[in-house]
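Undergrad: First the structure, then my questions, so here it is.
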Amino acid sequence: MNTPATLSVSIASLPAQSSTGTVTIQPASGTNAVITVSYNAPTSTVSVTQVLSGAGEASIISQYEWVELKGTNLSQVTQDWSTQTTFQQDQLPTSVAGVSATVNNKPAFVEYVSPAQVTF
């Protein structure tokens, strides 16, 4: 006799990309049931509203100066470069939490990312 059941799965934090996984239900007797679960990440439109100097947030940017991008959906998380492993290799990171920047087609050092700001 089959008894209907409801299975709920809750995941506290999902990655920014789409992914697929499986859930295997193993009954006391009988055949395992394998359920495929897919997650499609919502697409977010990145919007840059300001490009500012990192020194005082002026709109004029000089060579060798930090730059701040302000906007929305610039990153999925808030993180600074202190967690990057490139520091262990005596290099500044060119990516933080998957966010990178280029200046004149060259990788820039990324110091901080958040949904509303990127500093490079």
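Undergrad: Just the projected area, averaged over all directions, of the convex hull on the alpha carbon atoms of segment 47-119: how many nm²? It would help to have the intermediate numbers written out before the result.
TA: On the way: hull surface 20.1 nm².
Taking the Cα atoms of segment 47-119, their convex hull projects to 5.0 nm² on average.
Undergrad: Going by average Cβ neighbours within 10 Å, how do the peptides 104-110, 82-88, 56-62, 27-33 rank, with the highest at the top?
TA: Values: 104-110: 13.0, 82-88: 11.4, 56-62: 9.7, 27-33: 7.3.
Peptide ranking by packing, descending: 104-110, 82-88, 56-62, 27-33.
Undergrad: Quick one: length gained pulling T85 to N32 fully straight, 0.36 nm per residue minus the C-alpha distance?
TA: Here the segment from T85 to N32 would lengthen by 14.9 nm.
Undergrad: Return a whole-number percent for the relative contact order of segment 47-119, with Cα pairs under 8 Å and 6 or more residues apart as the contact set.
TA: Details: 143 pairs, mean separation 23.1, N = 73.
Once divided by the residue count of segment 47-119, the mean separation gives 32 percent.
Undergrad: Using amide H atoms built 1.01 Å from N in the peptide plane, name the residues 5+ places from S95, or on other chains, whose amide H lies under 5 Å from its own.
TA: Here V110 satisfy the definition.
Values quoted throughout were computed directly from the atomic coordinates according to the rules given, and no laboratory measurement underlies them. These numbers come from a predicted model, not from an experiment. In this analysis, Cβ positions are derived from the backbone assuming ideal geometry, glycine residues included, and neighbour counts consider all displayed protein chains.
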